[in-house]
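Structure, as structure tokens:
Just so it is clear, none of the values below were taken in a lab; they were calculated from the coordinates. Bear in mind the structure is a predicted one, so any value in this text is a computation, not a measurement. We place every Cβ from the backbone using ideal geometry, glycine too, and count neighbours over all the protein chains shown.
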Amino acid sequence: AQTVTQSQPEMSVQEAETVTLSCTYDTSENNYYLFWYKQPPSRQMILVIRQEAYKQQNATENRFSVNFQKAAKSFSLKISDSQLGDTAMYFCAFMKHNTDKLIFGTGTRLQVFP
Amino acid sequence: DTAVSQTPKYLVTQMGNDKSIKCEQNLGHDTMYWYKQDSKKFLKIMFSYNNKELIINETVPNRFSPKSPDKAHLNLHINSLELGDSAVYFCASSQVTGQGNYGYTFGSGTRLTVV
């Protein structure tokens, strides 16, 4: 069974700085998708970024980028120029190809300080 | 305009009661889901439906029964509510294209409190 591990329960960063959130996963599959979701205090789950395992190029979305290391089964999220609105829980998630089941990590609570 | 809408947003009820949570999506997605987020924020899948057909049924007590009247709606009925059912329940939907699954669109969640 696939598992997703987020080893940092809490992180903090100063506004305008850069922070990296860690995620590792365990799978024997070769074809899968990885996601980062953000859950602000409003409770809404928001898709931040998606990575296809067969693509070597790291996904980027504006200030958000990932470092995808397939061999190491690592998928970290880098947030550049942190903003107060980035304060949220961040969840890493895994989906095996040809299934629609998202498996989530336990989350990292990120606090951005002014 | 809301893509995935759940009602109600908050639900407080007594042990032993039966309650329902409704979910509707206007994205034209084929697959809908129910997830439970516990007090430690852990998210776990409960059910998924594809075009009204049950696809995933995790180890959820029989007191939980999903119903999908059409592919745009997925409701969750809970019988004989217990204290341990207190959680946030999320509905979500997704669509698979030639490039795979682009991830879920979530509703805003229903916070269920059983007293």
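Looking across segment A:45-70, the residues that are in a strand (DSSP E or B), more than 13 Å from chain B (Cβ to nearest Cβ) and either under 12 Å from the mean Cα position of the chain (by Cα) or basic (Lys, Arg) (or both) come down to A:60, A:64, A:65, A:66, A:67, A:68. Scanning segment B:67-103 for residues that are under 23 Å from residue B:17 (Cβ atoms) and within 14 Å of chain A (Cβ to nearest Cβ) yields B:74, B:87, B:88, B:89, B:90, B:91. Between B:45, B:21, B:56, the distinction of being more than 14 Å from chain A (Cβ to nearest Cβ), of a type in the set (A, V, I, L, M) and surrounded by 12 or more Cβ atoms within 10 Å (Cβ to Cβ) belongs to B:21 only.
Just one of the listed residues (A:112, A:66) is farther than 30 Å from residue B:55 by Cβ and buried (at least 20 other Cβ atoms within 10 Å of the Cβ), namely A:112.
Taking the criterion of being surrounded by 14 or more Cβ atoms within 10 Å (Cβ to Cβ), closer than 14 Å to residue B:16 by Cα and not charged (D, E, K, R), the only residue of segment B:83-103 that qualifies is B:86. For segment B:104-115, filtering for residues that are part of a loop (DSSP other than H, G, I, E, B) and either among the small types (Gly, Ala, Ser) or surrounded by 18 or more Cβ atoms within 10 Å (Cβ to Cβ) (or both) leaves 4.
For residue B:80, the conditions (1) surrounded by 15 or more Cβ atoms within 10 Å (Cβ to Cβ); (2) part of a loop (DSSP other than H, G, I, E, B) all hold with the exception of (1). Among the residues of segment A:7-44, those that are surrounded by 15 or more Cβ atoms within 10 Å (Cβ to Cβ), within 12 Å of chain B (Cβ to nearest Cβ) and within 18 Å of residue A:59 (Cβ to Cβ) comprise A:32, A:33, A:34, A:35, A:36, A:37, A:38.
The residue of segment B:31-40 that is farthest from the other protein chains (Cβ to nearest Cβ), among those that are touching a strand residue (DSSP E or B) at 6+ places or on another chain (Cβ under 8 Å) and surrounded by fewer than 16 Cβ atoms within 10 Å (Cβ to Cβ), is B:39. Counting only strands (runs of 3 or more DSSP E) wholly contained in segment A:71-114, the ones carrying 3 or more residues that are closer than 20 Å to residue A:44 by Cα and in contact (Cβ under 8 Å) with a residue 12 or more places away in the chain occupy A:88-96, A:108-113. Pairs are defined by a Cβ separation below 8 Å, a sequence spacing of at least 6 or placement on different chains, a first member in segment A:41-55 that is basic (Lys, Arg), and a second member that is not in a loop (DSSP other than H, G, I, E, B); the pairs so defined are A:43/B:88; A:43/B:111; A:50/A:33; A:50/A:34; A:50/A:35.
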